[in-house]
Amino acid sequence: MKTILKSVLSLVALVSFLTSCAPTTGDKETNGTAKGAIAGNAAEKVYVAPGQHDSHYAFISGGFNGQLSVYGLPSGRLFRIIPVFSQDAEKGYGYSEETKPMLMTSHGFIPWGDLHHPDISQTNGSVDGRWVFVNENNTPRIARVSLETFETEEIIEIPNSAGNHSSSYVTENTEYVVAGTRFAVPYPQRDMPIEDMKGNFKGALSFLKVDPETGRMNIDFQVMMPGFDYDKAHPGRNKSSDWFFFTTYNTEEANTLLEVNASQNDKDYIAAVNWKKISEYVANGGGKRVPANYAHNVWDDNKHMAVTTMKKDVLIVEPKEVPGAIYFLPTAKSPHGCDVDPTGEYIIGSGKLAAAMTIHSFSKMMKAIENKDFDGDAYGIPIIKFEAVNYGVLEQPGLGPLHTEFDTRGNAYTTFFISSEVVKWNIKDLKVLDRHPVYYSVGHLMIPGGNSRTPDDKYLVAMNKITKDRYLPTGPEVCQSAQLFDISGDKLELLLDFPTVGEPHYAAGIAADKVAPKSKKIYKLDENIHPYATKNEADSRVVRKGNEVHIYMTMIRSHFSPDNIEGVRVGDKVFFHVTNLEQDYDVPHGISMIGANTSELLVMPGRTATFVWEPKQVGVWPFYCTDFCSALHQEMQGYVRVSPKGSNTPIKYTLDGDVPGVD
Amino acid sequence: MKIKLATLFIISFFAFTSCKNEVKETKQTTPTSSTSDAKPEHKGQANVKLTEGEQANALQVAKTIEDFSTLVAAIEAAGVEDAVVNAGPLTIFAPLNTAFEKLPEGTVETLLKPENKPKLAYILTNHVAPANYPVKQLMKEAKKGRKLYMASGKYLPVENKDGKIFVDGVSIIKSVKVSNGWIHVIDQVLVPSEKQ
């Protein structure tokens, strides 16, 4: 009996050993082989050999970090972080005297912003690689980044706005960049009970005119819409290019516990705004100028500095002033993404809480407007009957649709936050073609030119909010990520994961050959008109003005001029105005002064930059070059003698024992 | 002799230019995205192209001047092109073609032989100071009796004779600012001396 039991037991053990062991080994092997094969194939597709260039640029939002990251596709290599709404030590942005005005607002100097949606300027409905526009969500602003210098050239604050989220999207010829408020606020802003929100709060949609030559922005007009939340926006394309579409939620106008109170209505709206009509209206003197207070900060590449202008009024247009310009299209529950396909016919609302996606038809919309197929109005704005405008619904495509982009083959690609996947579907047929999981909880996705008339549809980048176990852990805070897909075939093929810097709310992509040839290499010294520029070593000098000391300093491989300075006193405000005399590509110099609040100011060839030092201690203090500029970089250093407050030490400055410029 | 030398240089030039053409051709067939081209191609800094508005570096300037054709050929034969385009800063005392012609017969031909590459490189480095020396600074060096430390490891004396600068006894004919330093034109080759 014992023996039988034993043998039974051992048999069971053997079987369980075999079964538990065999499949595991098998699994591992199959997985390993399968993954290996896919990985090998994918690796080839993203491998950019050393010294070779990527085929595309991707400009990925840095979210709460306030910057825009520049990546190469398909490699996923990070090239540069462009500071926009936040100070950045690497570039001295927001630290140097010249760049500080870029971060001025009506609330004062704001060194930190929340950057959301990059959009590349367009010509004839295609991305043209001139500028990237980005929005700041927290203290509402729109910025323009140059794709020649890869620097922020302009930031304009948006008044009457809060949570600047349905921004910053451009029309087909960059006539306008558009910014919609996510949070309704009292208009005009005033001290009032919060519970009186309904009807008293407004949602401003701002249309910023862009100068076709310089890119300079100004707020042409603001449409003062009902106090809903305007979440996302998309300009019409092709036949619908005179229109702009905005998703709304919280049409309930709730001011508390929005997760419940803003989800009461079965449908919210997509607001369709005929911007061309309103633009003509204001060009003919329409609208009303009302007092406002907002900052306009403009960078000048010849002066090498930014200037802030406080603007004091803005042109307001009430919807009722321009009949036939604004309509509401009922759309499934609390839509987030508002996307228009390249033909301009399909307007897609991603109802993030709805079981289906709403696809409206532009031609049906025009017909409904003509036939006055309305279902009442909201604050005087006609609501078009759902059936009259709806092309169809994509039933059960996934959970939590957020955002859609397009290819050239009539397909749409939508992200689903809750079910963590990207779904490819045919718009006309309303049929799902493929789906691929993403890791994890995807927000937006980007196809280069994928929101334009002409998508460049080889790659798709999905941007994920959560990564958990996808990378080596780095404590409680782990990176957010992007995932690159090849979409040239029938099926989505996952090629690469790469981490992003900050939360990647959205991105914009473009073929490298539209940008790279125009990339600036140096600033020409003879075009430098900075008031404190020193264009010749012989002109370098030190000037005292009361308790201000101005050092007109030059840098060239491998010394500063002057490099010995005396006569500075405790309590002085010392301005280092430093000009890099180099005219050679990729030879910046840096400067650091002990005890200064700015450690390392990197100065590009031909540029002048300024930092302030307020010496607090008597002594002889060194400064040095902070960028490995040359073989004699370590020799690039100097001294400043600091005498006690009230002492008579005269100003003295030399280089190699002589006063610069004096033979 | 002159004819022989010229022929040699023409040949070597052809060798280099043809080599470059090959490089160009390879580059053209390589797409911007090299995903299919797994074999990386590595080129030195001397191949970085100059764009409009940028100042030319020492080698780029030398190449545009016919009187430096021997020097340029020597730089290429010695394989030091990448060093003379480096961020430096570099001060190059650049001998004219006529300077090379002053050398004993057969010297240049011998130096250009592949087996003499290190020797040629050594002679060339004796013409380069790893520092920024405009004429004004050289005058100062002369006044203060400071010697120039050359990339060869030698220290060369600087003299100011009636406002004319002499380096190791050789006068500077002309000076050109280049992006990575200075070129001072001389009409004699600075052959490194046996002693320091």
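Quick notes on this one:
- Filter result for A:Thr251 (of a type outside the set (Gly, Ala, Ser), outside any strand (DSSP E or B) and at pLDDT below 95): yes
- Within region A:67-97, the set of residues being part of a loop (DSSP other than H, G, I, E, B) and in contact with a Pro (Cβ under 7 Å, 6 or more places away or on another chain) comprises A:Ser86, A:Gln87, A:Lys91, A:Gly94.
- Within region B:95-189, helices (runs of 4 or more DSSP H) holding 3 or more residues that are touching a strand residue (DSSP E or B) at 6+ places or on another chain (Cβ under 9 Å), without any contact (Cβ under 8 Å) to a residue 24 or more places away in the chain and not acidic (Asp, Glu): B:135-144
- Residues in region A:606-639 that are within 30 Å of B:Leu90 (Cα to Cα) and among the β-branched types (Val, Ile, Thr): A:Thr608, A:Thr610, A:Thr626.
Each row is one residue, and each column tells you yes or no for (1) within 14 Å of chain B (Cβ to nearest Cβ); (2) touching a helix residue (DSSP H, G or I) at 6+ places or on another chain (Cβ under 8 Å); (3) in a strand (DSSP E or B); (4) at pLDDT 95 or above.
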{"site": "A:Ile551", "(1), (2), (3), (4)": "no, no, yes, yes"}
{"site": "A:Ala596", "(1), (2), (3), (4)": "no, no, no, no"}
{"site": "A:Trp621", "(1), (2), (3), (4)": "no, no, yes, yes"}
{"site": "A:Asp627", "(1), (2), (3), (4)": "yes, yes, no, no"}
{"site": "A:Val642", "(1), (2), (3), (4)": "no, no, yes, yes"}
{"site": "A:Lys645", "(1), (2), (3), (4)": "no, no, no, yes"}
{"site": "A:Gly661", "(1), (2), (3), (4)": "yes, yes, no, no"}
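- Test: A:Ser86 is more than 30 Å from A:Arg237 (Cα to Cα), of a type in the set (Ser, Thr, Tyr), at pLDDT 95 or above and under 15 Å from the mean Cα position of the chain (by Cα): yes
- Scanning region A:566-594 for residues that are more than 14 Å from chain B (Cβ to nearest Cβ), assigned to a loop (DSSP other than H, G, I, E, B) and within 32 Å of the chain's Cα centre (by Cα) yields a count of 0.
- Residues located in region A:73-100, provided they are among the small types (Gly, Ala, Ser) and more than 14 Å from chain B (Cβ to nearest Cβ): A:Ser86, A:Ala89, A:Gly92, A:Gly94, A:Ser96
- Residue in region A:402-419 that is in contact with a helix residue (DSSP H, G or I) (Cβ under 7 Å, 6 or more places away or on another chain) and small (Gly, Ala, Ser) present: no
- Picking from residues in region A:452-478 that are part of a strand (DSSP E or B) and aliphatic (A, V, I, L, M), the one that is nearest to the chain's Cα centre (by Cα) is A:Met463.
- Among the candidates A:Pro531, A:Pro504, residue that is more than 14 Å from chain B (Cβ to nearest Cβ), more than 17 Å from A:Val603 (Cα to Cα) and in a loop (DSSP other than H, G, I, E, B): A:Pro504
- If the condition is being within 14 Å of chain B (Cβ to nearest Cβ) and not aromatic (Phe, Trp, Tyr), then region A:553-565 contributes A:Thr554, A:Met555, A:Ile556, A:Arg557, A:Ser558, A:His559, A:Ser561, A:Asp563.
- Of all positions in region A:40-47, none carries a residue that is at pLDDT 95 or above and of a type in the set (Asp, Glu).
The values are calculated or read from the model by the stated rules, or taken from the named source; none is laboratory data. Only a predicted model underlies this, so the values are computations on that prediction, with no experimental measurement involved. FYI the Cβ positions are ideal-geometry reconstructions off the backbone, even for glycines, and counts take in every protein chain you see.
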